[in-house]
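**Student:** Before I ask anything, let me first share the structure, which is written out below as structure tokens.
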């Protein structure tokens, strides 16, 4: 028999998971659009800058898709570096809009992933058979 606390935790987990996956995909899409189409890096190889941004995020893709709480926590540490870059981009007049949307997406992903890691760990402790 499920208690109200368990069903509340399940609902929080589902919402955090959905928000994490959605904002993760949106961040990957924004970075791809930004560095390959909207404002590619000057030079002959803008895809190198694109890969420089995407590879650290894509390294977490298998664990995030599997819903591992530890990976979500580590993703948050990496997102702090992306947040710094996003704020710097938002302070530049030429990239204000992209930088602001970048900062918002990173913030949403950070919050959702951190809450997911916390709530999933609580759920695993309360359900040791899983």
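Throughout, read-outs are computed from the coordinates displayed, never taken from laboratory work. Owing to the predicted nature of the structure, the values given are computational and were not obtained by experimental measurement. So basically every Cβ, Gly included, is an ideal-geometry build from the backbone, and we count neighbours across all protein chains shown.
**Student:** Could you put 77, 83 in order, starting from the residue whose Cβ has the fewest other Cβ atoms within 10 Å? All intermediate terms of the calculation are to be shown ahead of the outcome.
**Tutor:** Numbers: 77 9, 83 17.
Listing 77, 83 from fewest to most nearby Cβ atoms yields 77, 83.
**Student:** As I understand it, the value is the acute angle between the Cα axis of helix 96-126 and the longest principal axis of the Cα atoms of the chain; what does it come to in degrees, rounded to 10?
**Tutor:** Here the helix axis deviates by roughly 20 degrees.
**Student:** Please work out the FRET efficiency for the pair residue 78 and residue 38, using the Cβ-Cβ distance as r and a Förster radius of 22 Å; give the result to the nearest 0.05.
**Tutor:** That pair, residue 78 with residue 38, gives E of 0.45.
**Student:** Something else about it: Helix-only estimate, please: 222 nm mean residue ellipticity of the chain, summing -39500 (n - 2.57) across DSSP H runs of length 4 or more and dividing by its residues, to the nearest 500.
**Tutor:** On the way: 5 runs with 102 residues, N = 130.
The helix contribution divided over the chain gives -27000 deg cm²/dmol.
**Student:** Hey, another quick one. Using Cα atoms only, what is the angle between the long axis of helix 4-33 and the major principal axis of the chain, expressed in degrees (0 to 90) to the nearest 10?
**Tutor:** So the inclination is approximately 10 degrees.
**Student:** Any idea what % of Cα-Cα pairs in region 62-130 are farther than 19 Å?
**Tutor:** 43 percent
**Student:** Continuing with the same structure: Taking 0.36 nm per residue of sequence separation and subtracting the Cα-Cα distance, how much length would be gained by fully extending the chain between residue 121 and residue 10, in nm to one decimal?
**Tutor:** Length gained between residue 121 and residue 10: 38.8 nm.
**Student:** What nm distance separates the two modelled labels at residue 51 and residue 65, each placed 7 Å from Cα along Cα→Cβ?
**Tutor:** Spacing of the two 7 Å Cα→Cβ label points: 2.0 nm.
**Student:** Taking only the alpha carbons of the chain, what extent do you get along each of the three principal axes, in Å, biggest first?
**Tutor:** The Cα atoms of the chain stretch 61, 25, 20 Å along the principal axes, largest first.
**Student:** Please compute the contact order of the chain in relative form: average sequence separation of alpha-carbon pairs under 8 Å and at least six residues apart, divided by the residue count, as a percent. Each step should come with its number before you reach the end.
**Tutor:** Details: 110 pairs, mean separation 44.3, N = 130.
RCO, the chain: 34 percent.
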